[in-house]
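Enquirer: Encoded as structure tokens, here's the structure I'll be asking about.
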Amino acid sequence: MASLTTQTSPSASSHEWDVFLSFHGRDTRQRFTAHMYKALEQRSLSTFMDDKELERGRYISPELLNAIENSMYAVVVLSPCYAFSRWCLTELTKIVECMEKKGLILLPIFYQVDPFDVRNQKGTFAKAFVKHENDLRIVGDDLQTWKSALSKVGNISGWDLRDRDESTVIEEIVGEILAKLNSTFSTVSKKLVGIDSRLEKLVNLYLNIRRDDVHFLGIWGMGGIGKTTLARAVYDKISSQFKVSSFIANVRETSTQGGLVNLQKQLLADLFKDKSSNIKDVDRGKNKIRHGLRHRRVLLVVDDVDQTQQLEALAIERDWFGGGSVIIITTRDKHLLIERGLAEDEIYRAKELDDDEALQLFSWKAFKKDLPLEGFVELSKEIIHYTNGLPLAVEVLGHFLCHPNVVFWESALRSLRQDPMKEIVDILKISFDGLQEKQQKIFLDIACYFKGEKYVDRVKSILESCEYEPISGIDILINKSLVTISEGRLWMHDLLQEMGHKIVRHQSQGDLGRQTRLWLSNDIIRVLKNNSGTNLIEGIVLNSPPQEELNLNSSVFLEMKNLRLLKITATFSNCGRELRVYTS
């Protein structure tokens, strides 16, 4: 199926936030900015709005600066008191820097101020700088930088609210952002090999949306074939037609780690903006979702489902949705879709890339162009033959072979030829083998412990304490299509995770006490109860409490001389200075 073929300009797929809101709290937090935030969230635009008073701290937090860097759009509400806050001005400087260097789109709102005053620092903006000039904590360079940022923003065409209805302006701004997002999707879709024909077929044949009908679409196929990519493309294309929408990603993984109630909370937060929902059990969650869904026209994508209980927990029943709703389900199991009542003409099988598409995708990854370089055409064709048209394999191999060195390529090809019946995880391992040792360890740690981790900076901090150089290491893994950061979480494809698990198990040859990483509850309990751990064990992560009571003491760790990472539900002492213990 489809897969990205080039590095893109700012797009929804490469940013954690759609919108960053910059404002002065005292002026607008409870009025205009609150209404703006609500309108953005109602249209499923992920929006960063700082809900703490920045003035309480001396410096802007790294979290805030990171949010600016990882946003597609910045909506700046320039109000009478905005320039009196040195934190607002520092924030604005960062926004302008990202606009100039990273393509951030800045949308200024002139709230009860004249754009001329902003541009030339007149009126209240002049008074603000008189205050700053007398502040001994502020140096002259900062003043000039702030003035320059205000001048640049003041020259951008925005919205002047002095004689406009606020609700009308908010609708205009939200509409413009949605239009720009759809335009971005159109640009990105051109760089998705094979996406256009598949997307057109899905929308025209499967999603001929009529206002009175509830439309179900099941997308099924093997892992790595592009089901999620296609579902996301459909979602991005048609989401602007719905006031309420949600994309529930990685359902299988999320339900395993956090349970079905967490899925229900995510759906309620997306569809009804109910982020404080107190759901005590699955049945109560179903009732709350069912009650909220009735008569609502919604767009819902439920991605990577592997059990009917997951759909039942999310109240996925045809008569629970309002007319014109669209529900898309991706899965590896066609029978699951049939069991939920989908007809054959509501089920689409995600197809492999044909030879031309596979060659084009591979070429983009390896050469950054549509066709291979001269001298590499036949080598490229032979290499992609072993991928069987699976986009994930084509993409990973293309990134691995991005250096046009014939000797290196022929070595990789010999590895593929040695076993023509290689499983896909073995083909993917060729890219893993090309990593440096520390990068391999980072990959295996993510596969075993950190997939789905929300706090990426915390993961980097943990890996940094292990001297793994995680900042550059994770960037390299991202560039090689081995991991991604999606919606603020650290992810990797489940086939790549399976490969990581297989590598770890193979290294220990089936002896759990000699396995470098332990992540399965039963394996961990067996090693601890039998006191069979050795100095080869580097990490133990027990994400769910054991079903039985364990009476253990720290002596079970005595032989684990190289244990560097422990996450477990008990407390131990005397574990050594090199051990990093962290909690969820």
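Bear in mind that the values in this text are calculations on the coordinates, not laboratory data. The shown structure was predicted, so the numbers you read here are calculated from the model rather than taken from an experiment. Here the Cβ positions follow ideal geometry from the backbone for every residue, glycine too, while neighbour counts run over all protein chains shown.
Enquirer: In whole Å, what is the distance between the alpha-carbon centres of the stretch 342-361 and the stretch 242-271?
Expert: With the stretch 342-361 and the stretch 242-271 each reduced to a Cα centre, they are spaced 26 Å.
Enquirer: For the stretch 355-433, what's the relative contact order in percent, using C-alpha pairs closer than 8 Å and at least 6 residues apart?
Expert: 32
Enquirer: Using a basic spin-label model with each label point 7 Å from the Cα along Cα→Cβ, how many nm lie between E467 and D370?
Expert: Taking the two extended label points, one gets 5.1 nm.
Enquirer: Applying 1/(1 + (r/R0)^6) with R0 = 60 Å to the Cβ-Cβ distance of E559 and I138, what FRET efficiency is obtained, to the nearest 0.05?
Expert: Computed FRET efficiency for E559 and I138: 0.55.
Enquirer: Treat the count of other C-beta atoms within 10 Å as a stand-in for reagent exposure and order I225, I105, I316 from fewest to most. Don't skip to the end; give the middle numbers.
Expert: Working: I225 26, I105 18, I316 22.
So the ranking, lowest neighbour count to highest, is I105, I316, I225.
Enquirer: Additional query: Which percent, to the nearest 5, of DSSP beta bridges fully inside the chain are antiparallel?
Expert: 10
Enquirer: Run the dipole for the stretch 355-433 about the Cα centre, Lys and Arg Cβ at +1, Asp and Glu Cβ at -1, nothing else charged, and hand back the magnitude in debye, nearest 20.
Expert: 200
Enquirer: Ignoring everything except DSSP H segments at least 4 long, calculate the 222 nm mean residue ellipticity for the chain; use -39,500 (n - 2.57) per segment, divide by total residues, nearest 500.
Expert: So the calculated ellipticity at 222 nm is -14000 deg cm²/dmol.
Enquirer: When the dipole is taken about the Cα centre of the chain, and only Lys, Arg (+1) and Asp, Glu (-1) are charged at their Cβ, what size is it in debye, to the nearest 20?
Expert: That gives the chain a dipole magnitude of about 1040 debye.
Enquirer: Sticking with this structure for a sec: Using alpha-carbon pairs under 8 Å, 6+ residues apart, how would you state the relative contact order of the chain in percent?
Expert: Relative contact order comes out at 11 percent.
Enquirer: Projecting each Cα onto the charge dipole of the stretch 416-560 (Lys/Arg +1, Asp/Glu -1 at the beta carbon, about the Cα centre), which of T484, V541, L558 comes out farthest on the positive side?
Expert: With unit charges placed on the Cβ atoms, the residue in question is T484.
Enquirer: Subtracting the Cα-Cα distance from 0.36 nm times the residue separation, let me have the gained length for E176 to K38 in nm, one decimal.
Expert: 48.1 nm
Enquirer: Which of the pairs K201/K351; K369/K480; K351/K429 have their Cα atoms more than 19 Å apart in this structure?
Expert: On the way: K201/K351 12 Å; K369/K480 17 Å; K351/K429 23 Å.
Among K201/K351; K369/K480; K351/K429, the Cα-Cα distance tops 19 Å for K351/K429.
Enquirer: While we're on this one: Please order C81, C98, C88, C466 by the number of other Cβ within 10 Å, starting at the fewest.
Expert: Fewest-to-most ranking of C81, C98, C88, C466: C81, C466, C98, C88.
Enquirer: Give me the distance between the Cα centres of the stretch 297-321 and the stretch 67-87, rounded to whole Å.
Expert: Spelled out, the Cα-based centre of one part sits 38 Å from the other.
Enquirer: Once label points are set 7 Å from the Cα along Cα→Cβ at both E253 and T534, what is their separation, rounded to one decimal in nm?
Expert: Output for this residue pair reads 3.1 nm.
Enquirer: Would you list L373, L566 from fewest to most Cβ contacts within 10 Å?
Expert: Arranged by neighbour count, lowest to highest, L373, L566 become L373, L566.
Enquirer: Just check the stretch 117-179 against the gyration tensor rule for me: Cα atoms, a ≥ b ≥ c as the square roots of the eigenvalues, rounded for a/c under 1.5, and otherwise prolate or oblate depending on whether a/b exceeds b/c.
Expert: prolate
Enquirer: Based on alpha-carbon centroids, what's the gap between the stretch 419-439 and the stretch 111-162 in Å, whole number please?
Expert: 55
Enquirer: Which of the aspartates and glutamates could be linked to K237 by a straight reach, that is with a Cα gap under 16 Å, when you skip same-chain ones fewer than 8 residues away?
Expert: D18, E176, D196, E200
Enquirer: Could you work out how much longer the chain between S415 and K381 gets when fully extended? Use 0.36 nm per residue separation minus the Cα distance between them, nm to one decimal. If you can, show how the numbers build up before the last one.
Expert: On the way: separation 34, 0.36 × 34 = 12.24 nm, distance 1.54 nm.
Full extension of this stretch gives 10.7 nm more.
Enquirer: For the stretch 202-297, what is the relative contact order in percent, using Cα pairs closer than 8 Å and at least 6 residues apart in sequence?
Expert: Normalised by residue count, the contact order of the stretch 202-297 is 19 percent.
Enquirer: Distance check, please: which entries in K180/K286; K131/K152; K265/K422 exceed 32 angstrom between their Cα atoms? Walk me through the numbers on the way to the answer.
Expert: Working: K180/K286 35 Å; K131/K152 21 Å; K265/K422 41 Å.
In this structure, K180/K286; K265/K422 lie more than 32 Å apart at Cα.
Enquirer: Right, something else. Mind checking the angle between helix 260-272 and the chain's longest principal axis? C-alpha axes, 0 to 90 degrees, to the nearest 10.
Expert: Between the helix axis and the principal axis of the chain, the angle is about 30 degrees.
Enquirer: Moving to a separate point now. From a point 7 Å beyond the Cα of C81 in the direction of its Cβ, which residues of the stretch 100-121 have a backbone N at a distance under 19 Å?
Expert: 109-114, 118
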